[in-house]
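Every number here is computed from the coordinates shown, using simple stated rules; none is lab data. This is a predicted model, so every value here is computed, not measured. No Cβ is skipped: glycine too gets one built from the backbone with ideal geometry, and neighbour counts run over all protein chains shown.
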Amino acid sequence: MSARSITARRLCTLAATTVVAAVAGAVFVPATAGAAEQAATAPLKMTLGAPSPAGPLERGGATESMTLTVTNSSDHAEDFAAWLKGKAKGPSPLLADSVVLGVTALDAPATKSMVGQQDGQWQGLFYPASGDASSSFSVPAKATFTWKVTVGLGAHYPTNDSDFTLTAAGLRNNVEADPAADTAVFRTKPEIEPGKLNTSLTWDGVVARPGRRAGLVLTTTATGPGEFPAQVNRTVYVDGSTPSGTLRKRLILEAEVGGKIVTMNQTDAGVWELPPLPKGFGAASGPQNLKLYFSLSFNTSIDKEISFPLRAAYSMGDSHEFNGAAVQVKAGPENSGTSTPAPSGSSTKAPSGSGSAEPTASASASATAPTAATGGSTGGGTGTTLTTAVGGGSLAHTGASSTGLYSALAGVLVALGGAAAWIGARRRRAARV
């Protein structure tokens, strides 16, 4: 199961606005999709003018405006589907209300706009007021359309992020890609040098067996100024096709919370929600070490030892994974000679909704990370660890495809009603070439 298909469940519904209002709660296409569709040369040329008044943006403060121009150099009308991508410099993803957007038609048909979030990026679009989110503008041959785009920082723009970059793009391959012309960078005030969110997941090298625990430690450390504006969700999942779905359901993950060992509820086969990091998490919070125990249910049928990766994914709000860490672990049949007994202390079943519980400071302090080898193999009592440090707004590559994302989104969006119409509209809009 991919990180995208897991975190795709955290979605918001979508609302449309008239002319200059921005709204929260959309699910947009993957950030990489638009880039892939941008052509080096194309009939449509999009340009963002210089922001005015010039100067840094403050959270909850004044806005700046610029002119967005689209020119059709061809001898026939061209459909234009707009997409605005926003990205912050720093460790925190942007929420839908992190940035304020307004779009007003100057020399173009009346316009509506939407705002949302995906892949840790703030995203917006605008479209003809006479249509819906799947509608496109038709730019006549040799004609130019212009809009006024207004941007400001929301009151909850992450304090651990700095500059905000806005890129204007098209949803099809008929818009020329030119970063020098279609990108604007907004400085923020106060000016900071963003830190990073460092994460690691380590394994003690013990083979997990039926009724026998192996130990892991998930460590999270923030550097730099500021805090995360919302709780940071942490999801552990089996990353890959092994083991099978039947065996995944027999896997048990426990966490040491408040001095007690608590069984984490499986939200899907081989997927567990951990206690989140609280809103306001930052460098002042210090390293957060969460002790985990991994085992198999009693009487689990497993013929031989198998090796597979466990991944801890970090997400915030309705975003997909923006950070994470992984480690290769082993599980096998019952064999008391090579496994360790359960640690002292009784295990408590997590109550419903335990994924939102916060680990206490004592639980974090009492967890000790096992020694991990630097080699790439796992054998005997030696463990391996893969760590990820993400800063400056860069994302960890998960290897998930857009196809997997849309498959995961489809089932969720059906239940969400209005959002389903939105994603379908985006597909139709992007597919019209």
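Annotations for the structure displayed:
- Count Lys and Arg as plus one, Asp and Glu as minus one, and take only other residues whose Cβ is under 15 Å from that of E64; the net charge is then +2.
- When the C-alpha to C-alpha distance is required to be over 28 Å, the pairs from K260/K304; K196/K291; K148/K279; K196/K330 that qualify are K260/K304; K148/K279; K196/K330.
- Among the trypsin sites (Lys or Arg not before Pro) in region 176-219, those placed in a DSSP loop whose Cβ has at most 14 other Cβ atoms within 10 Å are R187.
- Arranged from fewest to most other beta-carbon atoms within 10 Å of their beta carbon, T246, T300 become T246, T300.
- Charging the Cβ of each Asp and Glu at -1 and of each Lys and Arg at +1, and nothing else, the dipole of region 127-269 about its Cα centre rounds to 640 debye.
- The residues packed around D303, meaning those with a beta-carbon under 13 Å from its beta-carbon, carry a net charge of 0 if Lys and Arg are +1 and Asp and Glu are -1.
- Counting charges near T183 (Lys, Arg +1; Asp, Glu -1) among other residues having Cβ under 11 Å from its Cβ returns a value of 0.
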